[in-house]
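The structure appears below as structure tokens.
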Amino acid sequence: MAGTSWDKLGQMDAAFEVVAPAIRRAAEASGARLHEFFRDDPVWRLDFTRKRAGDPAVDVSWSEETPAAYAVTALWWDGDRLTRDEVGTFSREQPVQELDALLEQALGRLPA
């Protein structure tokens, strides 16, 4: 979805408005660098590349196809292979504490 053009109406900003506080708290608590709209896509990335081997990160991504859901994924490099660990999906109908728990799980799956 790089170079998305459908955001002319501010859809990405609106999509992340609900989850932004939880993601920002997780980034601050873990010492991650937060990239909002990573590579101009509907992905917020918690980045640990400067602090840990394997360039680990946690992505929270949104899609037009499922606008009420956010996928939480832990990812890192193991040699020349990218490992993607799908942690779970958060829905806007769920309490925000469930997103907090998914983010904590994702952070726990990253290599030290």
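Between 0 and 90 degrees, rounded to the nearest ten: what's the tilt of helix 96-109 against the longest Cα principal axis of the chain? It works out to around 30 degrees.
Let me know the charge dipole size of the range 17-112 about its Cα centre in debye, to the nearest 20, where only the beta-carbon of Lys, Arg (+1) and Asp, Glu (-1) is charged.
Working: 12 positive and 18 negative charges, 94 e Å.
Roughly 460 debye for the range 17-112.
Under the criterion of Cα pairs below 8 Å and six or more residues apart, the relative contact order for the range 73-112 equals 42 percent.
Report, to the nearest whole %, how much of the accessible area of the range 1-102 belongs to carbon and sulfur atoms, 1.4 Å probe, protein only. Each step should come with its number before you reach the end.
Working: 2830 of 5770 Å².
C and S fraction of accessible area: 49 percent.
When exposed loop sites are taken as GluC sites (Glu not before Pro) in a DSSP loop with at most 14 other Cβ atoms within 10 Å, the longest stretch of the chain clear of them is 1-35.
Computed with a 1.4 Å probe over protein heavy atoms only, the accessible surface of the chain comes to 57 Å² per residue.
Explain nothing, just the number: relative contact order of the chain, from Cα pairs under 8 Å at least 6 residues apart, as a whole percent. Please report the intermediate quantities before stating the final value.
Details: 178 pairs, mean separation 23.1, N = 112.
Result for the chain is 21 percent.
Calculated mean residue ellipticity at 222 nm for the chain: -8500 deg cm²/dmol, from DSSP H runs with n ≥ 4 weighted as -39500 (n - 2.57), summed, divided by the residue count and rounded to 500. The amide H of ASP55, built 1.01 Å from its N in the peptide plane, has TRP77 as neighbours under 5 Å, considering only residues 5 or more places off or on other chains.
The values are calculated or read from the model by the stated rules, or taken from the named source; none is laboratory data. Just so you know, these numbers come straight off a predicted model, no measurement behind them. FYI the Cβ positions are ideal-geometry reconstructions off the backbone, even for glycines, and counts take in every protein chain you see. Only protein heavy atoms, including side chains, enter the accessible area calculation; ligands, DNA and RNA are left aside. Shrake-Rupley method; radii C 1.70, N 1.55, O 1.52, S 1.80 Å.
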